[in-house]
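K.L.:
Take a look at the following structure, please.
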Amino acid sequence: MSQRYSASPSPRPGTPTQANGSSLDISIGCKLFVEVKKGKKEQQEEFRKAEILSIRTNNAGQTEYYVHFMEFNKRLDEWVGVERLDLSREIERPVKKRAGKGGFRETDTSSSIGSPMRDGSRTPASVGQKRKMSSLEDPPTPSIEQQNDDYDSVDGNVTPGNMTPSGPMAATFSKAQEIERLRVSGSMTQSHSEISRVKNLEKIHLGEYDVETWYFSPYPREYSDAAVVYICEFCLFHFISEKQLHRHCKKCTVRHPPGNEIYRCDDISFFEIDGNKQKVYCRNLCLLSKLFLDHKTLYYDVDPFLFYIMCKQDEYGCHMIGYFSKEKESTEGYNLACILTLPQHQRKGFGRLLIAFSYELSKKEGKVGSPEKPLSDLGLLSYRSYWSEVIVELLLETKELNEDIAIEDISARTSIATTDIIQTLQTLGAIKPYKGQQIICLSDGVIASYHKAKEKHKNRRIEESCLQWTPPHFTSNQLRYL
């Protein structure tokens, strides 16, 4: 198992260095070209423009730089040594602007965003109201067969940490100060413009998988110095060493999520967990999911949510594949707040299965549902793929029966919101003007894409008969969280 800190090779000839190995005059905010890590040995050297977000000295006394590759997803951010910096090209320095009579300030100083603290005796940052998904542009090419099991969404749980001044005082924290506070405190109650810029864990061990992390998650400070963080795949407790995990596994009797099993078909099961009854598990789940969700906001209060965990069974227990959460009482009619398929199980159709299950619950409730808006780009692709397949399937069935069907009828039979249906049909180019009115007309290309997608997902479907679930009802006292 590779260590996080290792001795770096000698820098390229001609690379100016200081005595401790760091590059001369490289500071946070600088933009320069950085060598991309090779996926294969035979790949040629490739350099991309990147921004320096943080600087540290590793255990070997060498300087490392945390870089974000411009115009690329933040999951590719990483720590690099000086040998990977291309100092032969021009370095773009942070531009400073005049700030009145007081002098200059950097243009990228953190914006003023207050800490979600509330007065009273409750735990700090106990919010638990609206969770918003990241907003990115629509995908360029509509197609039924587009499928992605990557999800970028937001859901609920605060991790308590050091408080940061809110209001006017928050603006006094510079980028460097915010990043430093982030690295040392593990708090999510700081400036949200800087909160998730520096990834603090490199790799986790979950079950039989070693998984590289994508984003920041507020695990304890000491975990950031570990090459690997070990997580029990059944109870989701986290440990800093493999020995601690082995000692825990000898005592841990948990073999499935701590909730009611409401669905089982072949080796796939779903468990329903009340965030009010299983707070520790749900908080650990939110910590884990934050490692793979960029714009996820963690809140300490998980009481307002129900969590639905999808697992795969074998003789050792129920192994988590992914999950989604939903508010117990959503005034906007949302049937899903956050969704995630773990990276080791992505691109296998499990993301679509999670979406289908959320709508199956909406059918049982007799309600029309929709995911929290706005959707991320990857989430929108996955949802639009599911919506397209379900809507086209229903339209073809009604055509065979020679029946007329309206958008409201499609919504009633699928539990998909009318706005989502209209947007999907528009994306497919299926709404056509005819004699002064709008009709639904499917092209040959859309039908062909549907049959191809149906064949691809034939083994990833929810069987209604396997769902044993009664919609939960909560009293006003049970919904009184604040």
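The values are calculated or read from the model by the stated rules, or taken from the named source; none is laboratory data. Keep in mind the model is a prediction, meaning the values are calculated, not measured. Methodologically, a virtual Cβ is constructed for each residue, glycine included, from the backbone with ideal geometry; neighbour enumeration extends over all protein chains shown. Only protein heavy atoms, including side chains, enter the accessible area calculation; ligands, DNA and RNA are left aside. Shrake-Rupley method; radii C 1.70, N 1.55, O 1.52, S 1.80 Å.
K.L.:
Just the residues that are open to solvent by 40 Å² or more (accessible area, probe 1.4 Å) and in a helix (DSSP H, G or I), please, taken from the range 221-247.
P.N.:
Result: 221, 222, 225, 242, 243, 244, 246, 247.
K.L.:
Residue 42 - would you say it is farther than 24 Å from residue 224 by Cα, open to solvent by 20 Å² or more (accessible area, probe 1.4 Å) and either in contact with a strand residue (DSSP E or B) (Cβ under 8 Å, 6 or more places away or on another chain) or at pLDDT 80 or above (or both)?
P.N.:
Criteria not met by residue 42.
K.L.:
Kindly indicate whether residue 340 is more than 19 Å from residue 409 (Cα to Cα) and in a helix (DSSP H, G or I).
P.N.:
Against the criterion (more than 19 Å from residue 409 (Cα to Cα) and in a helix (DSSP H, G or I)), residue 340 does not qualify.
K.L.:
Let me ask you something else. Please specify each residue of the range 375-407 satisfying the condition of being at pLDDT 95 or above and not in a helix (DSSP H, G or I).
P.N.:
Listed by number, the list is empty, since nothing qualifies.
K.L.:
Separate question: When you look at residue 457, is it at pLDDT below 95, closer than 30 Å to residue 266 by Cα, of a type outside the set (Ser, Thr, Tyr) and exposed (fewer than 12 other Cβ atoms within 10 Å of the Cβ), yes or no?
P.N.:
Criteria not met by residue 457.
K.L.:
For residue 432, indicate whether it is basic (Lys, Arg) and either at pLDDT 95 or above or over 33 Å from the mean Cα position of the chain (by Cα) (or both).
P.N.:
Against the criterion (basic (Lys, Arg) and either at pLDDT 95 or above or over 33 Å from the mean Cα position of the chain (by Cα) (or both)), residue 432 qualifies.
K.L.:
Report, by residue number, each residue of the range 364-393 that is of a type in the set (Lys, Arg) and surrounded by fewer than 17 Cβ atoms within 10 Å (Cβ to Cβ).
P.N.:
Passing the criteria: 364, 367, 373.
K.L.:
Go through the range 434-482 and give me each residue that's under 24 Å from residue 386 (Cα atoms), assigned to a strand (DSSP E or B) and without any contact (Cβ under 8 Å) to a residue 40 or more places away in the chain.
P.N.:
Result: 438, 439.
K.L.:
Also, quick follow-up: If we scan the range 304-326, do we find a residue that is assigned to a loop (DSSP other than H, G, I, E, B), touching a residue at least 12 places away in the same chain (Cβ under 8 Å) and among the hydrophobic types (A, V, I, L, M, F, W, C)?
P.N.:
No, every residue in the range 304-326 fails to be assigned to a loop (DSSP other than H, G, I, E, B), touching a residue at least 12 places away in the same chain (Cβ under 8 Å) and among the hydrophobic types (A, V, I, L, M, F, W, C).
K.L.:
Test residue 422 against the stated conditions and say whether it is farther than 23 Å from residue 263 by Cβ and at pLDDT 95 or above.
P.N.:
Yes.
K.L.:
Exactly one condition in (1) outside any strand (DSSP E or B); (2) charged (D, E, K, R); (3) in contact with a Leu (Cβ under 7 Å, 6 or more places away or on another chain) is false for residue 283; which is it?
P.N.:
(3) is the only condition that residue 283 fails.
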